[in-house]
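What follows is a single structure, written as structure tokens, with notes after it.
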Amino acid sequence: MLQRAFRLLAAPLLLPGLLCMAVQGAPPQWNGNGPLATGLGNRVITALTVGPDGTTVYLGTGSGTVFRLDGATGATGPSGSTGPTGPTGPTGPTGATGPTGATGPTGSTGPTGATGPTGATGPTGATGPTGSTGPTGATGPTASKLAFAQQPTDAVAGQQIAPAVTVQLEDGSSNPVASSGVSVTMTLSSGAGALAGTTSRTTNGSGVASFGDLSINLVGSKRLTASSGALTPAVSNSFAIMTGAAATIAATGGTPQYTAPGSCFPQLLKVTVTDGCGNPVPGVVVTFFAPGSGPGGCFPGDSLTAVATTGIDGVATSPPFTANGLEGDYTVIATAAGPSGSALFALGNGADEDKDIPALGTAGLALLALLLGGAGGARLLRARRSGRCGR
């Protein structure tokens, strides 16, 4: 069938001439029996296929190569049946791999230099003899008691005792012991008052405790005592705390009080002068002043002023004071150099006595009238009308 189909198709295609697109050669010749002989060398056509355009013919060779034949268009013959696919030609042998080039020889390593001989080790020096241990130092003295290195000195009340009081650690033979960090406490062991300041100190490297801010508020003779645990305490020498400067003045006697006009007041006027700690200050001059007009009185010699000096107790006492003839309340003033402020005395002429007069009945009023009509009544009236002090 393949041969007849080829006859039908080949004749009109080959009449105008054939052109082989793959290689040049004579047109294929075929006798209708067996493979179609061609001028394509030794290639043998094993298959023929007409393209879908009806004019192109595709020839298959035994080596798997396909050739296309183009020619003038002739009458289209009937489509022949597709022949069977020819067998696939054998695969040619793989070319032999060329030989690998020879690797050049590795250069030889030069010889290692010879190691020089090790130097000889010198002899070990002889070990010197161990030094003998020195004798153990003698143990220092141990503190067993306290002693005042700087005794307290006299000071003013409320002011620091200077120079600073110091206490030394000592052994049993009264030798100083240099030991730091030992706590020492100071107390007031004799005399009234309060010890102020830092009363607990520790010793320094020399074994000395220093108290630089101690003070005592009340005057008089004093002693201090230093103590520290089991150590024997130390008692200081006696020293004095003295009165400070006058700071306050206050009326402490003779106020308030009243008397009849023209009479002497029963109580003397008293002031007390003290320092900043409340200690009485002796030797302070105090001046008393009575009012210059109105109800009042006078001191001896019809004087409106009087002067007195404080004693050891800090008290200054005025001379007697006599009311003048005018009734009423008033104030006597006392001042001193140093203290701020003044002392005030509340006095009255007749006011308090009038309150103490009992109520009189008819008989009493009659008796009072008789008395006032006599000499005594006249003198009393004159005293009430007078502004001067009587003697």
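The values are calculated or read from the model by the stated rules, or taken from the named source; none is laboratory data. It should be emphasised that the depicted structure is a prediction, and the values quoted were computed from it without experimental measurement. Cβ atoms come from the backbone with ideal geometry, glycine included; neighbour counts cover every protein chain shown. Keep in mind that these areas ignore ligands, DNA and RNA; they rest on the heavy atoms of the full protein, side chains included. Shrake-Rupley method; radii C 1.70, N 1.55, O 1.52, S 1.80 Å.
Does at least one position in the stretch 238-245 carry a residue that is closer than 15 Å to F148 by Cβ and not polar (S, T, N, Q)?
So far as the stretch 238-245 goes, yes, one or more of its residues are closer than 15 Å to F148 by Cβ and not polar (S, T, N, Q).
Which of the residues that make up the stretch 331-346 are β-branched (V, I, T) and crowded, with 18+ Cβ neighbours inside 10 Å?
The answer is V332, and nothing else.
Give me the pairs, please: first residue somewhere in the stretch 218-240 and under 19 Å from A196 (Cα atoms) and of a type in the set (F, W, Y), second residue anywhere and open to solvent by 30 Å² or more (accessible area, probe 1.4 Å) and in a strand (DSSP E or B), beta-carbon distance under 9 Å, and either six or more positions apart or on two chains.
Short answer, once both residue conditions are applied: F239/S221; F239/R223.
Just name the residue that is farthest from F265 (Cα to Cα) out of those in the stretch 304-330 that are open to solvent by 30 Å² or more (accessible area, probe 1.4 Å), in contact with a Phe, Trp or Tyr (Cβ under 9 Å, 6 or more places away or on another chain) and in contact (Cβ under 8 Å) with a residue 24 or more places away in the chain.
Ranking the candidates gives D329 first.
Failed condition for L304, given (1) under 59 Å from the mean Cα position of the chain (by Cα); (2) within 18 Å of T259 (Cα to Cα), with all others met?
L304 satisfies every listed condition except (1).
Given the stretch 211-303, what strands (runs of 3 or more DSSP E) lie entirely inside it while holding 1 or more residues that are open to solvent by 40 Å² or more (accessible area, probe 1.4 Å), of a type in the set (S, T, N, Q) and farther than 22 Å from P319 by Cα?
Filter on the stretch 211-303 gives 220-228, 231-235.
Would it be correct to say that G361 is modelled with pLDDT of 90 or more and more than 30 Å from M242 (Cα to Cα)?
When the stated conditions are applied, G361 does not pass them.
Scanning the stretch 147-163 for residues that are closer than 13 Å to M242 by Cβ and not in a loop (DSSP other than H, G, I, E, B), which turns out least open to solvent (accessible area, probe 1.4 Å)?
A155
Please state which of the following conditions L188 fails to meet, knowing it meets all the rest: (1) part of a loop (DSSP other than H, G, I, E, B); (2) under 41 Å from the mean Cα position of the chain (by Cα).
Looking at each condition in turn, L188 falls short on (1).
Just one of the numbered conditions (1) open to solvent by 50 Å² or more (accessible area, probe 1.4 Å); (2) touching a residue at least 40 places away in the same chain (Cβ under 8 Å) is not true of R201; which one?
(2)
Does the stretch 330-337 contain at least one residue that is at pLDDT below 95 and under 60 Å from the mean Cα position of the chain (by Cα)?
Scanning the stretch 330-337 turns up at least one residue that is at pLDDT below 95 and under 60 Å from the mean Cα position of the chain (by Cα).
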